[in-house]
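Taking it in order: structure first as structure tokens, then the write-up.
Read the figures in this text as sums done on the coordinates, not as results from a lab. Worth saying up front: this structure is predicted, and the values here are computed from it rather than measured. Backbone-built Cβ (ideal geometry, glycine too); neighbour counts: all protein chains shown.
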Amino acid sequence: MRVFCTLYMVLLVSVASAQNQDSLAQLLVKKHITYNSERLSTPGFRIQIFSANQRIPANEARSLFLGHYPDISSYLIYQQPNFKVRVGDCRTRLEALKIRELIRKDFPNAFLVRDEIKLPEARSTVSE
């Protein structure tokens with residue numbers, strides 16, 4: 001009888017422990033979903049096309065780029081003491097290399113850099 005009671009108690013404890021682990025797992029999944037939905041950027045690649053210690057030439061380079069390639073995003077970044085113009089939001093190195101080859105004739109000194117890139121906006125699959 002004692003063995004039966006001991007086995008019953010072990011069974012109850014293991015069932016309760018499994019339920020706690022399930023609820024903990026559900027809590028962690030919810031936190032993961034919340035964290036990812038709040039992120040606005042991710043590691044990726046951009047192409048740096050210009051760098052100078054003055055803002056006006058950097059803005060001119062960015063304007064020139066936007067005139068030639070309006071569909072590619074561009075960013076003016078200040079990293080002391082330089083203003084840098086970086087273009088593209090590429091998740092992979094291959095994507096960035098394709099853009100660099102596309103713009104090489106207008107910006108021959110362009111090179112790839114690792115950067116935080118903007119995530120594309122999520123598309124809704126539910127039709128209203």
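Summary of values
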quantity	calculated
Peptides ranked, highest mean first, by Cβ atoms within 10 Å: ranges 56-63, 25-32	56-63, 25-32
Cβ-based net charge around TYR75, under 13 Å, with every Lys or Arg adding one and every Asp or Glu removing one	+2
Which listed pairs, of LYS98/LYS118; LYS31/LYS118; LYS30/LYS118; LYS84/LYS105, have C-alpha distances above 30 Å, in listed order	none
For HIS32, net neighbour charge (Lys/Arg +1, Asp/Glu -1) across residues whose Cβ lies under 13 Å away	+2
Radius ratio Rg over Rh of the stretch 54-99, counting only Cα atoms, Kirkwood formula for Rh	1.01
Label-point gap, in nm, between THR92 and TYR35 - each point 7 angstrom along Cα→Cβ	2.6
Calculated P(r) of the stretch 36-75 - Cα pairs past 15 Å, %	53
